[in-house]
Amino acid sequence: MLDVPAFACALAGGIVSVAAFALLGDRLVAVGVSSLALLPFGIVLWRAGPRERDTKVCPECRCPLPPALENSIEEGEPILHHCRPCGILWFAGSTSS
């Protein structure tokens, strides 16, 4: 899901890109201006990527799930996350050696 800074960067970059192609006569310069305008959007997405991948959310209420509950880490033990607002235990997989 796109957060507010990424959306704002994309919107601003898109507006600048459209304006560059509409107002500038040289297409090569317009491509350069568009690339520079969209660079902050790429940086925001690149920095947000690991955060989005590492954060698990509850499918029911979309709240972030805390780390997995402690278990004995034996082969085949379930990996469970407890969503406090919903009160649901979510199965995230099994341990393996």
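Values quoted throughout were computed directly from the atomic coordinates according to the rules given, and no laboratory measurement underlies them. Quantities reported herein were computed from a predicted structural model and do not represent experimental measurements.
From the list [x] 23, 14, 10; [y] 45, 15, 8; [z] 30, 12, 8, can you say which value of semi-axes √(5λ) of the Cα gyration tensor in Å was derived from the structure given?
Checked against the structure: label [y].
For the Cα atoms of the chain, what angle does the longest principal axis make with the long axis of helix 4-23, in degrees from 0 to 90, nearest 10?
That works out to roughly 20 degrees.
Can you give me the Rg/Rh ratio for the stretch 57-97, using Cα atoms for both radii and the Kirkwood formula for Rh? Write out the running numbers ahead of the final one.
Details: Rg = 10.8 Å, Rh = 10.7 Å.
Rg/Rh for the stretch 57-97 comes to 1.02.
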